[in-house]
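Asks: I'd like to ask some things about the structure below.
The values are calculated or read from the model by the stated rules, or taken from the named source; none is laboratory data. Only a predicted model underlies this, so the values are computations on that prediction, with no experimental measurement involved. A quick note on method: Cβ atoms are made from the backbone with ideal geometry, for glycine too, and the neighbour counts reach across all protein chains shown. Side chains are part of the model used for accessible areas, which takes the heavy atoms of the whole protein and leaves out ligands, DNA and RNA. Shrake-Rupley method; radii C 1.70, N 1.55, O 1.52, S 1.80 Å.
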Amino acid sequence: MAFYRKEKTIVEAGSIKQELLYRLLGSVGFFRAFTFEDYCNEDRSNSNQFRLLDEFLRSNLTNLQEYIVGLNARYFIYSVGQTEEKDVLGVSTMATWT
(Lines give C-alpha, C1' and ligand atoms only; values in the text may rest on other atoms or scores of the structure.)
Protein backbone atom coordinates (compact mmCIF):
# COMPACT_ATOMS: atom_id res chain seq x y z
CA MET A 1 0.00 0.00 0.00
CA ALA A 2 1.35 3.42 -0.91
CA PHE A 3 0.84 6.60 1.04
CA TYR A 4 0.48 10.03 -0.49
CA ARG A 5 0.82 13.33 1.30
CA LYS A 6 -0.72 16.36 -0.40
CA GLU A 7 1.83 19.15 -0.73
CA LYS A 8 -0.57 21.63 -2.32
CA THR A 9 -3.92 21.66 -4.02
CA ILE A 10 -4.54 22.86 -7.56
CA VAL A 11 -8.00 23.94 -8.63
CA GLU A 12 -8.79 24.36 -12.34
CA ALA A 13 -12.00 24.81 -14.31
CA GLY A 14 -12.88 24.08 -17.91
CA SER A 15 -15.97 24.15 -20.07
CA ILE A 16 -15.40 20.56 -21.25
CA LYS A 17 -13.66 17.55 -19.69
CA GLN A 18 -10.77 17.59 -22.19
CA GLU A 19 -10.00 21.25 -21.44
CA LEU A 20 -10.10 20.58 -17.71
CA LEU A 21 -7.68 17.64 -18.02
CA TYR A 22 -5.27 19.74 -20.13
CA ARG A 23 -5.33 22.45 -17.48
CA LEU A 24 -4.86 20.09 -14.52
CA LEU A 25 -2.01 18.18 -16.12
CA GLY A 26 -0.45 21.44 -17.32
CA SER A 27 -0.63 22.93 -13.82
CA VAL A 28 1.77 20.30 -12.49
CA GLY A 29 4.02 20.43 -15.54
CA PHE A 30 3.07 16.95 -16.76
CA PHE A 31 1.33 17.95 -20.00
CA ARG A 32 1.63 20.77 -22.52
CA ALA A 33 -0.16 21.25 -25.83
CA PHE A 34 1.00 23.52 -28.66
CA THR A 35 0.02 24.30 -32.18
CA PHE A 36 2.65 22.84 -34.48
CA GLU A 37 3.89 26.30 -35.52
CA ASP A 38 4.22 27.53 -31.92
CA TYR A 39 6.19 24.43 -30.95
CA CYS A 40 8.48 24.63 -34.00
CA ASN A 41 9.19 28.30 -33.29
CA GLU A 42 10.43 27.61 -29.75
CA ASP A 43 14.18 27.91 -29.31
CA ARG A 44 15.59 24.40 -29.77
CA SER A 45 19.33 23.93 -29.95
CA ASN A 46 18.97 20.83 -32.16
CA SER A 47 16.25 22.14 -34.49
CA ASN A 48 18.25 21.25 -37.64
CA GLN A 49 17.86 17.56 -36.76
CA PHE A 50 14.08 17.88 -37.03
CA ARG A 51 13.80 20.20 -40.05
CA LEU A 52 13.09 17.41 -42.59
CA LEU A 53 10.48 15.81 -40.35
CA ASP A 54 8.83 19.19 -39.66
CA GLU A 55 8.69 19.95 -43.40
CA PHE A 56 7.22 16.50 -44.13
CA LEU A 57 4.51 16.94 -41.48
CA ARG A 58 3.65 20.48 -42.67
CA SER A 59 3.35 19.38 -46.30
CA ASN A 60 1.26 16.27 -45.63
CA LEU A 61 -0.94 17.06 -42.61
CA THR A 62 -3.36 19.76 -41.50
CA ASN A 63 -4.58 20.72 -38.02
CA LEU A 64 -1.18 19.83 -36.57
CA GLN A 65 -0.87 19.78 -32.78
CA GLU A 66 2.08 19.00 -30.52
CA TYR A 67 1.58 17.29 -27.17
CA ILE A 68 4.33 16.97 -24.57
CA VAL A 69 3.83 14.51 -21.70
CA GLY A 70 6.29 13.85 -18.90
CA LEU A 71 8.08 15.07 -15.80
CA ASN A 72 11.62 15.85 -14.73
CA ALA A 73 13.97 15.34 -17.68
CA ARG A 74 12.17 12.67 -19.77
CA TYR A 75 9.31 13.69 -22.06
CA PHE A 76 7.22 12.04 -24.75
CA ILE A 77 6.39 14.26 -27.72
CA TYR A 78 3.45 13.52 -30.01
CA SER A 79 2.85 15.30 -33.33
CA VAL A 80 -0.74 14.69 -34.48
CA GLY A 81 -2.55 15.93 -37.59
CA GLN A 82 -5.03 15.02 -40.32
CA THR A 83 -4.39 13.67 -43.81
CA GLU A 84 -6.29 14.87 -46.89
CA GLU A 85 -8.68 11.94 -46.33
CA LYS A 86 -9.32 13.24 -42.76
CA ASP A 87 -7.53 10.28 -41.17
CA VAL A 88 -5.57 11.08 -38.02
CA LEU A 89 -1.83 10.46 -38.23
CA GLY A 90 0.70 10.77 -35.44
CA VAL A 91 4.42 10.60 -34.87
CA SER A 92 5.93 10.12 -31.42
CA THR A 93 9.39 10.52 -29.99
CA MET A 94 11.05 10.77 -26.62
CA ALA A 95 13.26 13.64 -25.48
CA THR A 96 15.51 14.25 -22.53
CA TRP A 97 15.81 17.87 -21.43
CA THR A 98 18.19 18.76 -18.67
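Asks: Express in Å², to the nearest 10, the accessible area of residue 75 obtained by rolling a 1.4 Å probe over the protein heavy atoms while all chains stay in place.
Replies: The value for residue 75 is about 40 Å².
Asks: Under a point spin-label approximation (7 Å from Cα along Cα-to-Cβ), what is the residue 23-residue 94 distance to one decimal in nm?
Replies: 3.3 nm
Asks: Continuing with this model, one more query. Does the range 24-98 come out rounded, prolate or oblate, given a ≥ b ≥ c as the square roots of the eigenvalues of its C-alpha gyration tensor, rounded meaning a/c under 1.5 and, failing that, prolate meaning a/b above b/c? Walk me through the numbers before you get to the answer.
Replies: Values: a/c = 2.17, a/b = 1.40, b/c = 1.55.
Cα axes put the range 24-98 in the oblate bin.
Asks: Given R₀ = 35 Å, what would the calculated FRET efficiency be for residue 11 paired with residue 50, taking r from the Cβ atoms and rounding to 0.05?
Replies: In this case the efficiency is close to 0.45.
Asks: For a quick protection proxy, order the peptides 27-38, 81-92 by their average other-Cβ count within 10 Å, most packed first.
Replies: Averaged packing, sorted descending, gives the order 27-38, 81-92.
Asks: Volume per residue, Å³, of the convex hull around the alpha-carbon atoms of the range 56-98?
Replies: Spread over its residues, the Cα hull of the range 56-98 gives 61 Å³ apiece.
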